[in-house]
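Asker: My questions all concern the structure below.
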Amino acid sequence: EAQVTQNPRYLITVTGKKLTVTCSQNMNHEYMSWYRQDPGLGLRQIYYSMNVEVTDKGDVPEGYKVSRKEKRNFPLILESPSPNQTSLYFCASSTYSGGADTQYFGPGTRLTVL
Amino acid sequence: AQSVTQPDIHITVSEGASLELRCNYSYGATPYLFWYVQSPGQGLQLLLKYFSGDTLVQGIKGFEAEFKRSQSSFNLRKPSVHWSDAAEYFCAVGVRGNQFYFGTGTSLTVIP
């Protein structure tokens with residue numbers, strides 16, 4: 001089954017404790033992206049990647065890191081989480097053709113930073 | 001700067017009634033436009049998209065949307081709403097380089 005998976009689905013952590021949220025897709029998509037969803041703000045793009053070793057900042061990259069060493073994986077790293085990073089995070093993937101593609105979304109990761 | 005506006009935060013309709021969700025965008029060129037639906041506790045699923053050509057596009061679950069360049073709008077419609085349509089709906093713009101901008105969403109409640 002074609003899908004985007006994220007782990008963990010739920011995470012409660014404390015300020016400053018490094019964490020990684022994994023994202024994996026099995027559709028051989030070139031493009032992958034991370035979003036955060038907050039009430040009243042919709043989805044905002046954090047980082048995106050157009051292929052292996054190619055990443056770029058979205059609208060709200062501060063406090064986040066990503067890497068794309070393999071085509072199927074695109075982990076999101078919070079090196080020193082803060083409470084304002086409490087949010088619902090979505091990973092998405094698609095083929096790449098300059099903004100015209102359908103994105104397939106993972107189920108989401110709900111992160112709470114105390 | 002690119003932006004997407006969904007002016008209605010919450011809409012309530014009766015089952016069987018028609019529905020229109022509004023979306024306005026700000027972008028210098030012709031954008032790629034999308035409507036996604038998010039059911040409670042789920043990820044987002046594409047309803048439909050517009051790239052070029054016919055300005056009225058059909059999507060899944062009986063939804064359609066019309067691109068109006070003069071109004072910078074891409075409103076979503078459905079002639080008869082079902083209870084299962086209750087969800088949150090997001091309009092999005094895709095721009096060159098695969099950056100995406102989403103609206104703040106419209107929450108739909110369907111009354112039996």
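The values are calculated or read from the model by the stated rules, or taken from the named source; none is laboratory data. What you see is a predicted model; the values in this text were computed from it and never measured. Cβ sites come from the backbone with ideal geometry, for glycine too, and all protein chains shown count toward neighbours. The protein model used for the area step is the full one, side chains on, heavy atoms only, and it has no ligands, DNA or RNA in it. Shrake-Rupley method; radii C 1.70, N 1.55, O 1.52, S 1.80 Å.
Asker: Is it the case, given these coordinates, that B:LYS61 is farther than 16 Å from B:ASP8 by Cβ and charged (D, E, K, R)?
Answerer: Yes.
Asker: Can you name the condition, by its number, that A:GLY63 falls short on among (1) in a loop (DSSP other than H, G, I, E, B); (2) open to solvent by 60 Å² or more (accessible area, probe 1.4 Å)?
Answerer: The one condition A:GLY63 does not meet is (2).
Asker: A further question on this structure: What number of residues within segment B:65-112 satisfy the criterion of being away from chain A (no Cβ under 14 Å) and within 21 Å of B:THR12 (Cβ to Cβ)?
Answerer: 18
Asker: May I ask you to verify whether B:VAL57 is without any contact (Cβ under 8 Å) to a residue 24 or more places away in the chain, open to solvent by less than 30 Å² (accessible area, probe 1.4 Å) and of a type outside the set (Phe, Trp, Tyr)? Working first, answer last.
Answerer: Working: without any contact (Cβ under 8 Å) to a residue 24 or more places away in the chain: yes; open to solvent by less than 30 Å² (accessible area, probe 1.4 Å): yes; of a type outside the set (Phe, Trp, Tyr): yes.
It is true that B:VAL57 is without any contact (Cβ under 8 Å) to a residue 24 or more places away in the chain, open to solvent by less than 30 Å² (accessible area, probe 1.4 Å) and of a type outside the set (Phe, Trp, Tyr).
Asker: I would also like to ask the following. Out of all the residues in segment A:8-55, which are open to solvent by 70 Å² or more (accessible area, probe 1.4 Å) and of a type in the set (S, T, N, Q)?
Answerer: Hits for segment A:8-55 are A:THR15, A:ASN26, A:ASN28.
Asker: Still on this structure, please answer the following. Can you name the residue in segment A:71-112 that is assigned to a strand (DSSP E or B), in contact with a Gly (Cβ under 9 Å, 6 or more places away or on another chain) and open to solvent by 10 Å² or more (accessible area, probe 1.4 Å) and, of all such residues, is nearest to the other protein chains (Cβ to nearest Cβ)?
Answerer: Filtering segment A:71-112 down to residues assigned to a strand (DSSP E or B) leaves A:73, A:76-78, A:87-94, A:104-105, A:109-112.
Still in the list and also in contact with a Gly (Cβ under 9 Å, 6 or more places away or on another chain): A:78, A:88-93, A:104-105.
Checking which are open to solvent by 10 Å² or more (accessible area, probe 1.4 Å) leaves us with A:88, A:104-105.
Values: A:LEU88: 10, A:TYR104: 8, A:PHE105: 4 Å.
Of everything passing the filter in segment A:71-112, A:PHE105 is nearest to the other protein chains (Cβ to nearest Cβ).
Asker: Quick check: is even one residue across segment A:16-38 in contact with a helix residue (DSSP H, G or I) (Cβ under 9 Å, 6 or more places away or on another chain) and part of a strand (DSSP E or B)?
Answerer: yes
Asker: Can you list the strands (runs of 3 or more DSSP E) found entirely within segment B:1-89 that contain at least 1 residues being hydroxyl-bearing (Ser, Thr, Tyr)?
Answerer: B:3-5, B:10-14, B:24-26, B:32-38, B:44-50, B:73-78
Asker: Which one of these does A:LYS71 not meet: (1) more than 11 Å from the chain's Cα centre (by Cα); (2) over 25 Å from B:TYR32 (Cβ atoms)?
Answerer: The single condition A:LYS71 does not satisfy is (2).
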